[in-house]
1. Given the C-alpha centroids of the range 104-166 and the range 300-330, what is the distance between them in whole angstrom?
2. Once you have all Cα-Cα distances for the chain, histogram them in 10 Å bins from zero and send the whole-percent values.
3. When the helix-only estimate is applied to the chain (DSSP H runs of n ≥ 4, each -39,500 (n - 2.57), divided by the residue count), what is the mean residue ellipticity at 222 nm, nearest 500 deg cm²/dmol?
4. Please give every one of the aspartates and glutamates within straight-line cross-link reach of Lys224, meaning a C-alpha to C-alpha distance under 18 Å, and leave out same-chain neighbours fewer than 8 residues apart.
5. Once you put a point 7 Å from the Cα of Asp73 and another 7 Å from the Cα of Asp333, both along the Cβ direction, what distance in nm separates them?
6. Once a ≥ b ≥ c are taken as the square roots of the eigenvalues of the Cα gyration tensor of the range 42-126, is the result rounded (a/c under 1.5), prolate (a/b larger than b/c) or oblate (a/b not larger than b/c)?
7. Using the Cα centre as the reference, give the magnitude of the dipole from point charges on the C-beta atoms of the range 55-191 (Lys, Arg: +1; Asp, Glu: -1; all else neutral), rounded to the nearest 20 debye.
8. Sort 25-32, 244-251 by the packing proxy (mean of other Cβ within 10 Å over each peptide's residues), most packed first.
Amino acid sequence: MSDTLVLGIETSCDETSAAVLRGEHDLLGHVIFTQDIHQLYGGVVPELASRAHLRTVDDVVDGALREAGVTLDDVDLVAVTAGPGLIGALLVGLAWGKAAAWAAGKPVVGVHHMEGHLFATSLEHPGAEPPFVALLVSGGHTMLLWVPAWGEYHLLGATRDDAAGEAFDKAAKILGLGYPGGPSIQRAAAEGDPKRHPLPRPLFNRGQKPGEADFYEMSFSGLKNALRLLVRRLESEGTLADEVPHVAASFQAAVVDVLTEKTMRAVRETGCRRVVLGGGVANSRALRESLRRRLGRDGELYAPSPRLSTDNAAMIARAGLFRWRRGEAGGLDLNARADLPFPGLTREPPALARG
Ligand code: KG4
Ligand code: ZN
């Protein structure tokens with residue numbers, strides 16, 4: 001069972017990716033094609049994404065199979081992202097996965113993209129296994145989860161508006177920095193003073209208590225507006241160009257402070273000092289450093305390498321393997337959904353055995 005060979009396919013947004021995974025950790029082949037066309041527009045253009053997936057999916061899957069030294073006939077299972085994401089983009093991967101599974105007589109399983117991000121870190125870090133507190137921070141999602149076991153996900157908090165990555169992308173646009181925003185803000189912030197232009201920390205109030213609506217919830221849209229006002233003021237004063245590094249550092253610090261505080265609340269309340277990061281924003285050096293500092297020596301922080309933190313098919317193969325082992329392989333009626341519900345996700349407060 002442990003040498004099950006899974007072909008994973010991911011096309012939910014602007015990465016076309018395929019992976020061949022043997023068992024839980026052995027990544028034999030992995031190709032990620034990032035569509036750079038979107039840089040021209042400062043964000044992902046859905047129609048262009050679908051077309052680019054169509055053009056590249058054949059070569060990307062062939063590349064992963066070749067790298068692994070296997071053919072479709074050797075594969076035991078096809079795992080493909082079924083949602084959430086851009087519907088046109090999702091359909092390209094899903095149709096390809098179903099056709100390949102049908103042609104080769106293999107089972108196909110639909111994977112929830114965010115469950116993929118949750119599994120990504122465990123591909124490289126054997127310690128990133130439940131129970132843990134998870135912070136999933138990508139361009140489309142911001143979720144704080146308590147994960148007592150794989151498949152059992154307690155949603156503690158989420159963003160009320162913009163996702164953390166989206167906030168970085170929009171902030172970069174306002175500051176005239178490149179897309180994707182997280183890395184370009186990180187670069188600009190390296191020479192900036194985060195205290196020079198203090199920005200608000202939304203829904204972050206030290207007096208909040210467990211059980212209160214805002215205890216774990218996050219919001220980044222007001223912060224973006226505060227940034228816009230600050231940039232406008234600096235522009236009218238003619239000092240913006242010199243201040244960009246400081247403003248970028250302030251913005252990054254505000255987002256990181258909120259994410260860190262909310263995560264540490266979950267650590268305190270669950271009594272679990274193991275934290276797993278997932279999603280593109282997990283690449284943030286500032287976020288990792290801040291969490292590491294707050295977790296201290298007896299805490300464990302697991303973050304994926306850059307390649308596994310952004311969208312990739314290895315994580316889809318791993319999550320697909322988990323679902324398949326639970327007997328959840330679908331048929332050819334498997335469909336893509338832009339708003340696919342997260343399997344196993346509950347808003348029920350967890351029953352905690354503290355300690
Ligand atoms: O997970 P991902 O590749 O795509 C989605 O599923 O959305 O995440 C992409 C997001 C982008 O918003 C990007 O700005 C952000 O991850 N990101 C970062 C960093 N690297 C990527 N955000 C903050 N700091 C970074 N170093
Ligand atoms: Zn993602």
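1. Cα centroid to Cα centroid, the span is 8 Å.
2. Cα pair-distance distribution for the chain, in percent: 6, 25, 32, 24, 11, 2, 0.
3. Numbers: 10 runs with 148 residues, N = 355.
Rounded to the nearest 500, it is -13500 deg cm²/dmol.
4. Asp161, Asp162, Glu166, Asp169, Glu235, Glu243, Asp257
5. It is 3.2 nm.
6. Details: a/c = 1.58, a/b = 1.18, b/c = 1.34.
Here the range 42-126 falls in the oblate category.
7. Working: 8 positive and 16 negative charges, 82 e Å.
That gives a dipole near 400 debye.
8. Details: 25-32: 18.6, 244-251: 23.6.
My ranking of the peptides, most packed first, is 244-251, 25-32.
Computed from the coordinates by the stated procedures, all read-outs in this text should not be read as laboratory data. Just so it is clear, the structure is predicted and the values come from calculations on it, not from any experiment. Note that each Cβ is placed from the backbone with ideal geometry, even for glycine, and that neighbours are counted across all protein chains shown.
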